[in-house]
Structure formats: structure tokens, C-alpha cells
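Data block below; observations after.
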Amino acid sequence: MARVVVDVMPKPEILDPQGKAVLGALPRLGFSGVTEVRQGKRFELEIDGEVTPERLAEVEKMAETLLSNPVIEDFAVRVVS
Amino acid sequence: MKVGVVTFPGSLDDADARRAVRHAGHDAVALWHGDHDLKGVDAVLLPGGFSYGDYLRCGAIARFAPVMSEVVDAAKGGMPVLGICNGFQILCESHLLPGALIRNDHRKFGCLDQRLVIENNKTAWTNSYEAGQEVTIVLKNGEGSFVADEKTLDMLEAEGRVVARYVGNPNGSQRAIAGISNEAGNVVGLMPHPEHAIEDLCGPGSDGLGFFTSLS
């Protein structure tokens, strides 16, 4: 078993209203010094067997096809264990 | 015409859409997301709502529903397909239309009678209108802000594929775009809900009926 993480983030040029809402809430709670917040998604995939380059390529395909929308989001795939 | 209206788990406006289709003089055919079957319809409507709970992204799961492979094939073959609200999101996720719809810039769910200009009256769904006609129909969404890269936006403008534009901009949509079409004009995505504006009694008027009478 191995765990592969896919991080999906809104593209820098895409407005992120959720991140803006979080940014607006921080000073109200007394936290200061944060100038920007971007909110994304993290997917943890448990992979059966060893993570070969082929399996990793398949995860990339999953990220591109379903986990992210390439029109508005970027993704990054990494093996964590 | 026989107009199919797809029901996904979480669709809300499928009954209103079928009613609007009948009001315009067509036969409404209920289609089910889980069937690989368009039941011989001549046009398809993807209604508003929250298909599959809007999990992952709006329309992202619905895109892979069994019925969608038939819808995508039919759309590519020229069948008129209209996606309203969540249906528009599904058409973008299916790559039948460019761009995407993200959360409204003001972060609130908007629900209002919205003025629009019908800019392209050559599509299968807008030919009952005059080009440049202003109409008022219902807009209700949380994720209705249309986005695409500059190149795509320029292409949509140059090819006359901006079907409807907001008067004012209620949700931060780029270039105030409310609806677009594919290159052939048979596939149209629209954020506002014409099916809620087909008669005076229960809506802002009957300006939305033209989307359904356009089919012939």
C-alpha cells in the first residue's frame, strides 16, 4: 500500500472567493499579517501495491480527468508513503 | 418536437423544464441519468439543480453519468442541447462548451429577476428572439461566475458565441457573459432560468418562453 496525494489549487489568475472569505475572517478573529489566502483541495489516494511510474502516470490522468478542472485549477501529484 | 429533460440525483428544475417545454407546444420526455437511452428525442435539456450534490465541482460527477455519453454524441451530431444553470456547468465539465463556472464574486447565493440581452438569435434555442432584445428572467445560483482565459473569451466574442449577456454584472462573470454556444450553435449553456419565466402568474413574465419556442 502507498499513499499518493493530489493537491488541487485554483489557478493564480482565477478569483478565489472562498480564499477571500477566509482572508476576511482572520483579522476579525485577531490574526494579523496574512496578505492572501487561496483555498484548494487535497485528495489522498491509497494505492494497491507499489507506486510505479506507470501507476503515477495513471494518477496524473485521474487528476486531469476528474479530480481537477484544468480550465480553472492546477494540480500536483506526490507520493507520501 | 420531443424534448428530453434529464433528471440527475439532485436536479431541482426538471419538472419546471418539462412544463416549459409543454407550454411551448412540444412533448416533454423524462430522461434518467442512469440510462444509456435518449428515448428517440429531438432535443435535450439539462436542468438546474445540484446534481450529485455538486460534490467535487458543480457538474463534475454528472458529466460521467451514463446518459451523458449519449448526450455528448448527440450534441456532436447536431442535436439541440440546452444546459440551464447546473446544466451549463455540466456542459462545461463535459467540454461541449469552453470555460467554467465558479463561485459568485460576492460569495452569496443570488436570487433575482435579471435583465439580459440576447446577443445571438441564430442558435437553436434563441431564434424566437430579436438580436439585441432585452429580456428579464430568473437568475438563482451560488456558482454562476463564468470564467475562461482571454483567448477563449476573445474567440467567443469574435465568433458571436456570446448568446446572452447580463445587463449589469450580478456575479462577476467575465465580460458579463450569461450564456454561450458551441461553434455550431446547437449547444447552448445559460446561467439564468428561462423555464421559471414562461407566464405572468409565477415569474417575472414570459420572456423565457422564447428559449423553448425557438425549437422547431
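With charges set only on the Cβ (+1 for Lys and Arg, -1 for Asp and Glu), what does the dipole of the range B:138-216 come to about its Cα centre, in debye to the nearest 20? Value, rounded to 20: 80 debye. Restricting the calculation to alpha carbons of the range A:2-79 gives Rg and Dmax of 15.8, 48 angstrom. For the residues B:108, B:151, B:39, a GNM of chain B with alpha-carbon springs under 10 Å puts the largest fluctuation on B:151.
Here is the list for the range B:32-135: chymotrypsin sites (Phe, Trp or Tyr not before Pro) lying in DSSP coil, each with at most 16 other C-beta atoms within 10 angstrom of its C-beta, are B:55, B:109. Electrostatic bookkeeping for residue A:3 treats Lys and Arg as +1 and Asp and Glu as -1; over the other residues with beta carbon under 12 Å from its beta carbon, the sum is -1. Excluding the site residues themselves, the longest part of chain A lacking any GluC sites (Glu not before Pro) in a DSSP loop with at most 15 other Cβ atoms within 10 Å is A:51-81. Stokes-Einstein, applied to the Kirkwood radius of the protein assembly as shown over Cα pairs at a viscosity of 1.567 mPa s and 4 °C, places its translational diffusion at 65 µm² s⁻¹.
Rounded to the nearest 20 debye, the dipole size of the protein assembly as shown about its Cα centre is 600 debye, using +1 on the Cβ of Lys and Arg and -1 on the Cβ of Asp and Glu. Beta bridges per DSSP, both residues in the protein assembly as shown: antiparallel share near 70 percent.
Comparing A:62, B:7, A:29 along the charge dipole axis of the protein assembly as shown, the residue lying farthest to the positive side is A:29, per the Cβ-charge model. Within chain B, the longest segment free of exposed loop sites, counting GluC sites (Glu not before Pro) that fall outside DSSP classes H, G, I, E and B and have at most 16 other Cβ atoms within 10 Å, spans B:1-129. Rounded to 0.05, the FRET efficiency of the residue A:65 and residue B:155 pair, given R0 = 22 Å and the Cβ-Cβ distance, is 0.35. Placing unit charges on the Cβ atoms only, positive for Lys and Arg and negative for Asp and Glu, gives the range A:2-79 a dipole magnitude near 480 debye about its Cα centre. Here the Gaussian network model covers chain A, with springs between Cα atoms less than 10 Å apart; of A:42, A:55, A:28, A:28 fluctuates the most.
Shape analysis of the range B:160-201 places it in the oblate category; the axes a ≥ b ≥ c from the Cα gyration tensor give an a/c of at least 1.5, with a/b not above b/c.
Of all DSSP bridge pairs formed entirely within chain B, close to 60 percent run antiparallel. Taking R0 as 30 Å, what FRET efficiency do you get between residue B:39 and residue B:201 from their Cβ-Cβ distance, rounded to the nearest 0.05? Given R0 = 30 Å and the Cβ-Cβ separation, E is 0.45. Going by neighbour counts of Cβ atoms within 10 Å, the residues B:155, B:79, B:68 line up, fewest first, as B:155, B:79, B:68. Gain on full extension, evaluated as 0.36 nm per residue between residue B:55 and residue B:183 minus their Cα-Cα distance, stands at 43.1 nm. Find the relative contact order for chain B and round it to a whole percent, using C-alpha pairs within less than 8 Å whose residues are 6+ positions apart. Worked out over chain B, it gives 20 percent. Classify chain B from the C-alpha gyration tensor, please: rounded if a/c falls under 1.5, else prolate or oblate depending on whether a/b exceeds b/c. Rounded, since a/c falls under 1.5. For chain B, the number of Lys pairs separated by eight or more positions or lying on different chains, with C-alpha atoms closer than 20 Å, is 5.
None of the figures in this text is laboratory data; all of them are computed from the coordinates on show. This structure is a prediction, so every number in the text was calculated from the model and none was measured. Please note: Cβ atoms are built from the backbone with ideal geometry, for glycine as well, and neighbour counts cover all protein chains shown.
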